Structure formats: structure tokens, C-alpha cells
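Notes for the one structure printed next.
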Amino acid sequence: MDQMQLVKQVIDYQKTSFDNSFEAMKIIQEQTEKATDALLSHSTWIPEDGRKVLNQWYDAYKKGADDFKKIVDENFHKVEDYFGTPKKGKK
């Protein structure tokens with residue numbers, strides 16, 4: 001097997017693994033947020049300020065996760081460019 005072909009396969013495997021793991025993490029976070037919101041909607045003893053803090057926490061987490069994904073994607077593109085591998089969706 002050609003070494004460059006092996007490198008391309010490894011890069012593709014790593015990118016796919018990261019994308020799948022990131023999506024799984026995102027789904028878990030969304031489900032946790034929905035469950036927490038459902039719990040809070042039935043908990044009248046929790047003040048509105050507490051709910052606002054949780055919503056700010058959700059927003060900060062989502063922004064951090066999106067920023068992280070963007071950085072990782074950019075660096076995968078740099079690795080692909082360095083090794084001359086075609087980007088997914090482009091030929």
C-alpha cells in the first residue's frame with residue numbers, strides 16, 4: 001500500500017471519528033438540556049435568576065463547543081492541505 005494512501009485513510013478515519021464523537025456529545029447535551037428544562041418548568045421553587053443562569057450556561061457551552069469544532073475542522077483542513085488529501089465534498 002502506498003504510504004500517502006495510508007496517510008489519507010488515517011486522516012479520514014480521524015476526522016470521521018471526531019465528527020461522530022462530537023455529534024454524539026452534542027446530542028447528549030441537547031437531551032440533557034431538554035430534561036433539565038422539563039424539570040425546571042415543574043419546579044416552582046427555583047427562582048427566575050437560577051433559570052437565567054442555567055440558560056447562560058447552556059449558551060456558553062454551545063458557543064465553546066462550536067468554537068472548538070470550528071478550530072478542529074480548520075486544523076483538519078490544514079493537515080489535509082499539507083498531505084495533499086482532497087477535502088470531503090470537494091474534488
Can you tell me which residues in region 39-52 are of a type outside the set (Ser, Thr, Tyr) and loosely packed, with under 10 Cβ neighbours inside 10 Å? His42, Trp45, Pro47, Glu48, Asp49
Output the residue which, of all residues in region 60-78 that are open to solvent by 60 Å² or more (accessible area, probe 1.4 Å) and more than 11 Å from the chain's Cα centre (by Cα), is farthest from Gln3 (Cα to Cα). Ala60
Which ones in region 8-38 are of a type in the set (S, T, N, Q), open to solvent by 80 Å² or more (accessible area, probe 1.4 Å) and over 17 Å from Asp73 (Cα atoms)? Gln31
List every residue pair whose Cβ atoms sit under 9 Å apart, with the two residues 6 or more apart in sequence or on different chains, where the first one lies in region 4-18 and is under 11 Å from Phe83 (Cβ atoms) and among the aromatic types (Phe, Trp, Tyr) and the second, anywhere, is open to solvent by 50 Å² or more (accessible area, probe 1.4 Å) and outside any helix (DSSP H, G or I). none
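The values are calculated or read from the model by the stated rules, or taken from the named source; none is laboratory data. Predicted model, so just to flag it, every value in this text is computed and none were measured. Using ideal geometry, Cβ is built from the backbone for each residue, glycine included, and neighbour counts are taken over all protein chains shown. What goes into the accessible areas is simple: the full protein's heavy atoms, side chains included, and nothing from ligands, DNA or RNA. Shrake-Rupley method; radii C 1.70, N 1.55, O 1.52, S 1.80 Å.
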